[in-house]
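Q: Below is one structure. I have some questions about it.
The values are calculated or read from the model by the stated rules, or taken from the named source; none is laboratory data. On a predicted model such as this, the values are computed, not experimentally measured, just so you know. A quick note on method: Cβ atoms are made from the backbone with ideal geometry, for glycine too, and the neighbour counts reach across all protein chains shown.
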Amino acid sequence: MSAAAPYRTRTYETYRTAAPARRATAGRAARHGVTALVGALALALLSGTAATANPANSPTRPGTETQRPHAEQAPHTTSKPRIERASLTADGTEANDASWGAVISADGRYVAFISKATNLTPDPNNPYLPDTYVKDLRTGAVTFLRDGLGGVRISADGRCVGTNAFGAHDLQGFVHDLKTGTRQALGSARGGSQITGLSGDCRYAVYTANPLHPADPQRIYLHDRTTGQDTLVSRPPTSEQYDMSDGSLSADGRILAYRAHRRLGDGPDRDDIIVTNLRTGEHRQLDGSQDDATAALVQLSANGRTVAYTVGLDTYVHDLRTGRTIRLNKIQGRALSPDGGHLLYTDGNTEALRLRNLRSGADHLVATQGGAEPGALTAHAHTTVFATPAGDLVPSDTNNAADVFVRRGR
């Protein structure tokens, strides 16, 4: 169901200020109304709000603990967290338009993000649609990948980046191998697909396959980049028709979490969170099939042990090994650290982005205004990547646009 094609990614370690050429693709953008869609998505991300189908608080489930935040604490170290801007050209020039949707490799070296800027590399980019870029924080080099329609993913080693763009007939998911320079399409070109997860070593990619017929449901597949095999890995919780989406994969490619969406004829829609062990075939439903509230998956931790998801206005964090569930009232989870010990979130009262230590309950302020994606935290949450329109985090921020920042230390 997939095919690899040679696609040369270009990495720039220096950048001359010559204006880049632009491709004329207004027809496609106009047909799909993407400019407005991308702008709305970016605004939602940066505002720190989350769309939830059930605004009411859900009841506490049996066996669920409600964790109340401690007062925000200063870092244990004497040094303050360091913040640097990632959405820059190779020579340090700031982007000439907004950037968002950032994810970071496990070692904190590579940041992949989406941007509408036209000056990050000399590549001819799309004047109507955003593109995806990868920043090497060690060398400053910037790699242009195009395909900036949201949902960027990066492997733990930073070798592969998952992107979504327009295919022949629908949205199409791709895997970019930065080592070989190839760009591989996922799923059927006729039905379309969306990449939602990568294993740590870049061998496995998880994607949602769109149906060829509107009446058919969405399904989730696991693509093995070594063998080329695609395997159906989602299963509906009941015999009723469900759409499966938002697959989140553990670093070893063994555990998968995803959302199952069921449309009720006369009532509200409902979503269930499912966890599958891809080796044993065991399926587990987390949020309770008898509940009326809808749920949204935040992220499965890279170690495959912890799942974060939202129900209404609250966030739940479930330990798959112990069965313990923590309920966090009136906050919206954005990202889970690879070890499952920290949650990056926004609350319902402000646009602030905060980091919660799930073991101690301590909170740390990351940004007074910001947005973050699954994959925004490195190991033990030492490094956070986020986007914000704030112009006072670093000196010489004068572009009057949202930028991607990296925060090191807690």
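Q: Pull out all pairs, ordered by first then second residue, where Cβ-Cβ is under 6 Å, the residues are six or more apart or on different chains, the first lies in the stretch 95-110 and is within 21 Å of Arg334 (Cβ to Cβ) and touching a residue at least 60 places away in the same chain (Cβ under 8 Å), and the second is of a type in the set (Asp, Glu) and outside any loop (DSSP other than H, G, I, E, B).
A: Here the result reads Ser99/Asp403, each pair linking the stretch 95-110 to a residue that is of a type in the set (Asp, Glu) and outside any loop (DSSP other than H, G, I, E, B).
Q: Please work out which one of (1) in a loop (DSSP other than H, G, I, E, B); (2) touching a helix residue (DSSP H, G or I) at 6+ places or on another chain (Cβ under 9 Å) is the condition Ala387 fails and give its number.
A: (1)
Q: Report those strands (runs of 3 or more DSSP E) wholly inside the stretch 208-300 carrying at least 3 residues which are farther than 24 Å from Leu313 by Cα and at pLDDT 85 or above.
A: Filter on the stretch 208-300 gives 219-224, 230-232.
Q: Would you mention how many residues in the stretch 163-187 are farther than 18 Å from Leu149 by Cβ and hydroxyl-bearing (Ser, Thr, Tyr)?
A: Result for the stretch 163-187: 2.
Q: Follow-up question, since we're still on this one. For the stretch 92-121, give me each residue that is surrounded by 21 or more Cβ atoms within 10 Å (Cβ to Cβ) and part of a loop (DSSP other than H, G, I, E, B).
A: Ala95, Ala98, Ser105, Lys116, Ala117, Leu120, Thr121
Q: Moving to a separate point now. Just to be sure, is Arg203 of a type in the set (Lys, Arg), crowded, with 22+ Cβ neighbours inside 10 Å and in contact with a strand residue (DSSP E or B) (Cβ under 9 Å, 6 or more places away or on another chain)?
A: no
Q: Go through the stretch 308-351 and give me each residue that's in contact with a strand residue (DSSP E or B) (Cβ under 6 Å, 6 or more places away or on another chain) and either on the phi > 0 side of the Ramachandran plot or of a type in the set (A, V, I, L, M, F, W, C) (or both).
A: Ala308, Val311, Val317, Ile326, Leu328, Ile331, Ala335, Leu336, Gly340, Leu343, Leu344
Q: Scan Phe174, Phe144 and give me the residue that is surrounded by fewer than 22 Cβ atoms within 10 Å (Cβ to Cβ) and either under 15 Å from the mean Cα position of the chain (by Cα) or aromatic (Phe, Trp, Tyr) (or both).
A: Phe144
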